[in-house]
Structures are given as C-alpha cells and as structure tokens.
Amino acid sequence: MDEVRMVRDAYPEPAPPTARDIARAKALLTKPPRRTAPRLWWGLGGVVAAGTAATVAITLVGGNTPGGGNTPAPTRTVTLDDRGAFLAAVEKAAQQPVGNYWHSDDVSGQSYVIRAKTGTYTITGALTEGFDWWGTKPGVGNAFYSRELSSRTPTAQDTALWRKAGSPSKIRVWSNDHYWTYSTERVTKWHLDGTDSRRAGQLPGRLTAQDLQNLPTDPAKLAERFLSQTAMSRFAMGIPPDAQITPEMARRLKTWRVLPQQKLARVAGLLGGPLPSKVRAGLMKALADQPGVHSIGHDTDALGRRGVALATDYSPVTVTGEYGAPKAVQGTYRSRSVAIFDERTGALLGRQEELTKPGGPYAEMKPGFVINYSVVRSAGWTDTAPKPSAELPFDRP
C-alpha cells in the first residue's frame with residue numbers, strides 16, 4: 001500500500017462546515033458580540049494559501065451540544081512517528097507548483113578543530129556559495145554563479161574562544177592531505193562561471209533536459225533508475241547511461257561497493273535541479289526506502305532551520321599518518337549522513353555529515369557535531385529570471 005496515502009488518510013482534513021455553521025459565522029462577522037479583539041480572533045481565523053489568491057476560511061471553535069449551550073469542541077493532538085512525519089513532507093513536495101525558471105542557491109563548508117593554547121574552538125572553512133538557474137523553455141538557457149565566503153566560527157562559544165585566541169584573521173588547518181590557510185575576512189564577488197543559451201548542458205545528477213520529460217514518478221522505478229547497484233556504480237565510474245558496457249566494465253559494476261551515504265548524496269544532488277514536483281516526491285520516498293537509510297525525526301541545518309530528516313547508518317573513518325597527518329588528528333571516528341527537509345513544502349534544506357562517535361580529528365567534539373555540510377539557502381520556481389542575492393548567508397564572526 002502507498003504509505004504516503006496511508007498518512008494522508010490517517011490524518012484527513014476536517015469536515016467542511018455545515019450550512020448552519022456558515023450562517024452563524026456570517027452573523028458573527030456582521031454583528032460580532034461584545035468582546036475584546038484577541039478573544040474574537042480565537043473564534044474567527046483567517047488562512048491564506050501560499051502561492052494562490054488569498055482565501056479566507058472561517059474556523060468555529062465552539063459547537064452545539066445535545067444538551068444545548070455552546071461549549072468548546074474537543075481537540076485531538078496528533079503525533080506522527082518519524083517515518084510518518086517524513087512521508088507527510090513527501091506529500092507536500094508532490095503538491096508544489098512549478099514555474100518557468102528553477103533556481104538553487106547552495107552554501108557548503110567544512111569544519112576544522114583549532115587547538116589553540118587559550119582553548120579549543122572550531123571554524124567553518126572552505127565556505128563557498130553557488131547559484132544556478134535553469135529555464136524550462138527551449139532557448140531560455142541557464143547560468144551558474146559562485147563566490148567564496150569568509151571562514152567563520154559556527155557558535156557563540158567558538159566565537160568567544162576565537163576572540164580569546166586573539167581573533168586571528170588567518171587560520172592554518174590540516175585539510176585532507178595538506179595544510180591550508182583560511183581567512184576570516186576574504187569574500188569574493190559573484191562570478192559567472194558559465195551560461196548555456198541552448199540549455200544543452202547537463203543538469204544536476206547528469207540529467208539532460210530531455211530526461212526531465214521522461215522521468216517516472218513511481219518511487220520503485222526511480223530507485224531502479226538512480227539508486228540501484230548498476231545505476232550507482234555507473235554514476236560513480238562516470239559511465240553514461242547509453243554507453244556500451246565491456247566485459248571488464250560489467251565486472252567492475254557488479255563489485256563496486258555502493259554505500260547508503262552515496263545514495264543520499266545522489267538524491268540530494270538530483271533534488272537541486274528543476275524536477276517536476278511528483279518526481280521530486282518520488283525520489284524522496286525512494287531514498288527513504290533504501291537499506292541503511294532511516295527516518296530520524298527532526299534535525300537542524302547550518303542556517304538554524306528545523307525540518308524532518310533522513311540519516312544513513314553510522315560508518316567509521318580512520319585518519320592515519322600515511323599522508324602526513326599530524327598526530328593530533330589521527331584516530332577513528334564515526335559519522336552519519338543526514339538530509340533535512342522542510343515540513344511545510346517538502347523542500348530539501350540541506351545535507352550534512354554528523355559526528356556519532358568522537359575520535360581522531362574530532363576527539364574533543366560531542367556527538368551531533370556537524371563535520372561538513374551543503375545547505376540549500378533557497379531553491380524553487382519563479383516566473384522571472386532569478387538573480388543571486390547580494391546579501392551574505394552568514395554574519396561575520
């Protein structure tokens with residue numbers, strides 16, 4: 001059975017008001033009883049549907065009882081479990097309207113632990129922002145922008161310790177296999193990385209414009225197309241879907257190890273493109289059904305936005321001295337990949353790697369510490385060509 005439909009049927013919309021209820025509401029509107037304004041608003045509520053013309057809905061709190069009089073109607077508190085809350089967001093995603101232009105504004109960063117003599121703190125470095133837009137009609141085109149952002153301290157405690165260390169503007173860190181210096185002051189202007197007036201370039205996930213017209217909406221078919229062993233290994237190896245497979249390629253495709261976090265990353269990448277709403281919802285459901293991916297309730301992204309989340313199983317990472325890593329960062333830690341979605345619209349808010357067991361470079365950090373992230377600052381459909389924002393996504397440290 002369709003679980004999204006089960007959630008929708010289990011928590012249906014309230015029954016429409018009867019003719020008598022409407023008549024009473026109209027009477028209250030034309031000749032309201034003497035009461036203070038705040039109490040009147042408790043009885044009459046207005047609801048405006050986002051993205052449509054304003055619509056006023058009358059909500060009656062009280063109701064007639066068999067014994068006469070007017071008493072408050074009983075209320076029912078509904079609590080969805082973790083998976084149910086996510087499936088409710090999937091349902092919202094399927095209902096979102098589309099437009100002539102799709103845009104996505106993404107900010108990504110990496111966390112570094114700074115072991116200063118005055119106290120250990122963290123900074124977010126390698127901060128970059130990308131802004132992409134695509135037109136849905138032939139010849140409209142697309143464009144890609146990027147800019148570098150200054151490194152920053154992610155919390156008030158980190159900021160206080162950074163200031164205690166002398167507020168250094170240049171911070172040297174070990175990054176992957178080398179030392180690198182990040183600046184807390186450098187911000188570049190938006191740079192136009194490329195345009196395509198023919199709209200012939202590939203979309204996120206190596207899709208083409210023609211692909212968008214032929215994608216299925218069924219979660220199982222989408223999982224086979226994008227998340228199966230063959231699809232994921234071909235994607236990882238850079239083999240186009242229509243390429244001829246040699247015997248050696250076939251052997252490698254079967255033995256390629258596909259991890260849950262790779263599937264989560266691929267779906268997040270696909271959701272960054274101009275997908276039809278029902279395809280977007282189908283991909284979310286397909287990801288939630290993958291082995292090693294679980295609904296975890298609520299989580300918060302790097303911009304402080306709270307949403308429903310999916311997370312992968314924990315995986316260990318060991319940092320050794322093979323490539324010159326200093327002893328301070330060597331060791332093993334465990335982490336999980338998390339994708340966070342807006343409950344109101346089903347939109348992807350971001351993807352992040354969270355620490356589950358401290359160790360190695362994050363030995364001093366607590367579980368839940370965000371190791372790296374890619375947060376969707378804004379994304380959606382418009383009817384006019386979008387432009388990147390001049391405002392920065394974060395305040396300076």
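The values are calculated or read from the model by the stated rules, or taken from the named source; none is laboratory data. Quick caveat: nothing in here was measured; it's all calculated off a predicted structure. Heads up, the Cβs are rebuilt from the backbone with ideal geometry, glycines too, and the neighbour counts pull from every protein chain shown.
Below, the figures for the structure above:
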read-out	value
Only one of GLY135, GLY119, GLY139 that is touching a residue at least 60 places away in the same chain (Cβ under 8 Å) and at positive phi	GLY139
Any chance VAL140 is in a loop (DSSP other than H, G, I, E, B), surrounded by 13 or more Cβ atoms within 10 Å (Cβ to Cβ) and within 25 Å of the chain's Cα centre (by Cα)	no
Filter pass, ASP132 being at pLDDT 95 or above, touching a Ser or Thr at 6+ places or on another chain (Cβ under 7 Å), charged (D, E, K, R) and under 30 Å from THR345 (Cα atoms)	no
Number of the condition not met by ASP132 [criteria: (1) over 19 Å from the mean Cα position of the chain (by Cα); (2) under 25 Å from ALA268 (Cα atoms)]	(1)
Within the stretch 156-268, helices (runs of 4 or more DSSP H) holding 1 or more residues that are at pLDDT 90 or above and within 30 Å of MET284 (Cβ to Cβ)	219-226, 229-237
Residue that is surrounded by the most Cβ atoms within 10 Å (Cβ to Cβ) [pool: residues in the stretch 146-195 that are within 25 Å of PRO326 (Cβ to Cβ) and hydrophobic (A, V, I, L, M, F, W, C)]	TRP162
SER315 at negative phi, of a type outside the set (Phe, Trp, Tyr), in contact with a helix residue (DSSP H, G or I) (Cβ under 9 Å, 6 or more places away or on another chain) and at pLDDT below 95	yes
Yes/no for TYR112 being buried (at least 19 other Cβ atoms within 10 Å of the Cβ), more than 24 Å from ALA390 (Cβ to Cβ) and touching a helix residue (DSSP H, G or I) at 6+ places or on another chain (Cβ under 7 Å)	no
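Every residue, every condition in (1) of a type outside the set (Lys, Arg); (2) out of contact with any strand residue (DSSP E or B) (no Cβ under 6 Å at 6 or more places or on another chain); (3) over 22 Å from TYR373 (Cα atoms); (4) modelled with pLDDT under 95, yes or no:
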| position | (1), (2), (3), (4) |
| --- | --- |
| PRO276 | yes, yes, yes, yes |
| PRO291 | yes, yes, yes, no |
| GLY297 | yes, yes, no, no |
| THR300 | yes, no, no, no |
| ARG336 | no, no, no, no |
| THR345 | yes, yes, no, no |
